[in-house]
Amino acid sequence: MAKARKKARKSAPKRGMGRRSAGASDAISLLKSDHRQVENWFEEFGSARGDSRKQDLARRICQALKLHTQIEHEIFYPAFLEATGEEDIHHEAEVEHDAAKKLIAEIESSGSGDEYFQAKVTVLSEMIKHHVNEEEKRDGMFGKARQADMDLQALGEQLAARKAELSGSAEQRPRGPSGRSRQDSRATARY
Ligand SMILES: [Fe+2]
Ligand SMILES: [Fe+2]
């Protein structure tokens with residue numbers, strides 16, 4: 001693990017814009033923008049009428065959260081841990097990701113006809129709200145990352161590239177009759 005963390009950080013080129021840069025593509029801006037997108041979809045889900053609309057929103061939410069948690073897990077979290085040594089914040093965030101992934105897998109394998117579908121999406125929304133607050137609050141992960149020696153611009157580029165790569169492969173996956181690809185299930189299990 002330590003080796004992987006080192007590699008992730010070393011591969012981020014320094015461009016002299018690291019420490020406190022807040023450009024549109026810096027790591028924190030990119031991750032926050034994902035948070036806002038998913039929050040909007042949760043809000044739409046809350047007021048949506050009709051099973052197919054709810055199903056479509058739940059599918060988008062789950063897909064976006066899988067991509068987001070994966071790029072955080074692979075790139076941002078290891079760089080954060082190495083730069084700050086904040087094990088408690090890092091480990092709690094990883095545990096929250098794991099809990100969310102289990103619920104995401106349940107939502108993806110059920111449908112809007114499932115008696116507990118609405119409840120599962122509502123609980124996922126509450127879990128994510130808590131998790132996002134932990135990342136974005138004043139002394140949370142993002143605040144500490146901004147104070148640390150992290151090249152947020154380079155990390156943002158890495159996150160964007162990995163996200164594009166993962167979304168591209170998600171689009172190419174063959175979809176089954178449920179609208180869910182075979183590899184989606186595999187990807188969920190891997191989280
Ligand atoms: Fe996040
Ligand atoms: Fe996260």
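List of remarks:
- Within segment 53-68, the set of residues being touching an Asp or Glu at 6+ places or on another chain (Cβ under 9 Å) and in contact (Cβ under 8 Å) with a residue 12 or more places away in the chain comprises Leu57, Ala58, Arg59, Cys62, Gln63, Ala64, Leu65, Lys66, Leu67, His68.
- Candidate set from segment 24-54 (those that are among the aliphatic types (A, V, I, L, M) and either in contact with a Pro (Cβ under 9 Å, 6 or more places away or on another chain) or within 11 Å of ligand 1 (Cβ to nearest atom) (or both)); member that is farthest from Arg162 (Cα to Cα): Val38
- Cβ-Cβ under 7 Å pairs, at least 6 apart or on other chains, segment 152-169 side in contact (Cβ under 8 Å) with a residue 60 or more places away in the chain, far side β-branched (Val, Ile, Thr): Leu152/Ile28; Leu155/Ile75; Gln158/Ile75; Leu159/Ile71; Leu159/Ile75; Arg162/Ile71; Arg162/Ile75; Lys163/Ile71
- Looking at Glu86, Glu72, just one residue is touching a helix residue (DSSP H, G or I) at 6+ places or on another chain (Cβ under 9 Å) and surrounded by fewer than 21 Cβ atoms within 10 Å (Cβ to Cβ), and that residue is Glu86.
- For the residues Leu31, Leu124, Leu57, Leu67, the requirement of being crowded, with 20+ Cβ neighbours inside 10 Å, at pLDDT 95 or above and under 30 Å from Gln153 (Cβ atoms) singles out Leu31.
- Exclusive hit being within 16 Å of ligand 1 (Cβ to nearest atom), of a type in the set (D, E, K, R) and touching a helix residue (DSSP H, G or I) at 6+ places or on another chain (Cβ under 6 Å), set Glu135, Glu108: Glu135
- Residue within segment 116-135 that is in contact with a Gly (Cβ under 7 Å, 6 or more places away or on another chain) and in a helix (DSSP H, G or I) present: yes
- Within segment 150-191, considering residues that are surrounded by 11 or more Cβ atoms within 10 Å (Cβ to Cβ) and of a type in the set (Asp, Glu), the one modelled with the lowest pLDDT: Asp184
The values are calculated or read from the model by the stated rules, or taken from the named source; none is laboratory data. What you see is a predicted model, and the numbers here were worked out from it, not measured in a lab. With ideal geometry, Cβ positions are generated from the backbone for all residues, glycine too; neighbour counts draw on all protein chains shown.
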